[in-house]
Each structure stands twice: as structure tokens, then as C-alpha cells.
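This report refers to the structure that appears directly beneath it.
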Amino acid sequence: MERTLVLAKPDAVARGLVGEIVSRLERKGLKLVAMKMVWMDKEMAERHYQVHKGKDFFEGLVEYITSLPIVAMVWEGPSAVSSVRAVMGATDPAKASPGTIRGDLALDISNNLVHGSDSVDSAEKEIALFFKPFEIYDWKRPGEEFIRGK
Ligand code: IDP
Ligand code: MG
């Protein structure tokens, strides 16, 4: 079953929207298999966002993501990567559809509340940056066959 990394970013923590983000992903039917609060340092932030190194927003992005603790999570489900991206909405909240986290709850691209891996390959790498294998739980959600099929 596919897994993806989700971060409730500093603005989500500061605004008290962690529960809202978790709730939307739970209601979608995804299963939470790991979660912890992490205060990322510069080195970890640069690793997590290495694909953006050299872009004009990179420094600001590293400053933002290290400004407060974040909540890191691993969510599991069929097509977890694309399902989470759909619930998150477009990167720029001004363009994100209503009904998505960013579309409903944010205005600014530099404060867009949430991170979700963009592919299965990057999910694997990103999960490994935040979690040791024993911190990720295999568990059966009662009734999950009604959510994800047999
Ligand atoms: P994503 O978070 O939707 O995957 P990415 O393109 O991977 O979007 O960018 C990573 C993060 O960098 C965004 O979530 C946002 O916080 C920040 N970011 C992306 N583009 C811009 C920009 O043009 N200005 C400022 N920040 C940006
Ligand atoms: Mg991205």
C-alpha cells in the first residue's frame, strides 16, 4: 500500500490548524501510520527541499520551515501520494480550488500550510528523512475494506 509524507508546516502549527489537516486526511479515508513534532534545523530543511536549491524562494523557504516546530506524518492508502495532493490543493493558495486545504484556509504561496510528497519515489526518500522504520506502524483500521477495497 502506498505511503506519503505530510508536513503540517509552521503556519499550520501557529494558526492551530494541525487538527483540521489531520481531520481532512482521516475523513478522506487515508490511514495515519506515523506522526511526530519536529523542529527542523537548517541542514535538514535544505535536505528536504534540495530540489528547490538555487531558486529565488529557497532561502525564505528554509527560514520559514525552520521557524517553528512542524508536525510530520506518514499517511497510507491507495494512491496516497496523489490523494494527499488532491486534498492539499495547488501550491499557490490563490489558485487552489475551494474544498482543498490550501484553497479553503490559506492565501499566500509562502504560507501554504502543508507539504505532501509529489511522487512515490520522493515519498520514500522524504519519509526516511523524518522517520526510522520502527516509528511507522502497520495496523489494520477496523472497517478499512469499506474505504480502500479488498
Ligand atoms: P508543493 O509544496 O505544492 O509541492 P513545490 O513547488 O514543491 O510545491 O514548492 C515547495 C514549497 O516551496 C511550497 O509549498 C511553498 O511553500 C514554497 N514555494 C514554492 N514556490 C514558491 C514561490 O514562488 N514563492 C514562494 N514560495 C514558494
Ligand atoms: Mg513539492
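The values are calculated or read from the model by the stated rules, or taken from the named source; none is laboratory data. Fair warning: this is a prediction, and the values are worked out from it, not measured in the lab. Glycine also receives a Cβ, built like all others from the backbone with ideal geometry; neighbour counts cover every protein chain displayed. What goes into the accessible areas is simple: the full protein's heavy atoms, side chains included, and nothing from ligands, DNA or RNA. Shrake-Rupley method; radii C 1.70, N 1.55, O 1.52, S 1.80 Å.
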Subject >> When residues of the range 100-121 are limited to those that are more than 19 Å from Asp11 (Cα to Cα) and free of Cβ contacts under 8 Å to residues at least 40 places away in the same chain, the one surrounded by the fewest Cβ atoms within 10 Å (Cβ to Cβ) >> reply: Asp121
**OP:** Could you tell me which of the residues Glu76, Glu63 is away from ligand 2 (no atom under 15 Å from the Cβ), acidic (Asp, Glu) and within 15 Å of Leu5 (Cβ to Cβ)?
**Re:** Glu76
Original post:
Which one of these is within 14 Å of ligand 1 (Cβ to nearest atom) and open to solvent by 40 Å² or more (accessible area, probe 1.4 Å): Lys95, Lys132?
Top reply: Lys95
Subject >> Residue in the range 71-85 that is charged (D, E, K, R) and more than 15 Å from Ile127 (Cβ to Cβ) present >> reply: yes
**OP:** Report, ordered by the first and then the second residue, all pairs with beta carbons closer than 9 Å, sequence separation of six or more or different chains, a first member in the range 36-57 that is assigned to a loop (DSSP other than H, G, I, E, B), and a second member that is at pLDDT below 95.
**Re:** none
**OP:** Would you confirm whether any residue within the range 70-89 is assigned to a loop (DSSP other than H, G, I, E, B), more than 8 Å from ligand 1 (Cβ to nearest atom), at pLDDT below 95 and open to solvent by 20 Å² or more (accessible area, probe 1.4 Å)?
**Re:** yes
Original post:
Does Val62 meet the test of being touching a Phe, Trp or Tyr at 6+ places or on another chain (Cβ under 7 Å) and either modelled with pLDDT under 95 or buried (at least 18 other Cβ atoms within 10 Å of the Cβ) (or both)?
Top reply: yes
Subject >> Unique residue being open to solvent by less than 30 Å² (accessible area, probe 1.4 Å) and of a type in the set (D, E, K, R) when the list is Lys42, Lys31, Lys55, Lys36 >> reply: Lys31
Original post:
For residues in the range 6-28 being assigned to a loop (DSSP other than H, G, I, E, B) and within 16 Å of ligand 1 (Cβ to nearest atom), which is surrounded by the most Cβ atoms within 10 Å (Cβ to Cβ)?
Top reply: Lys9
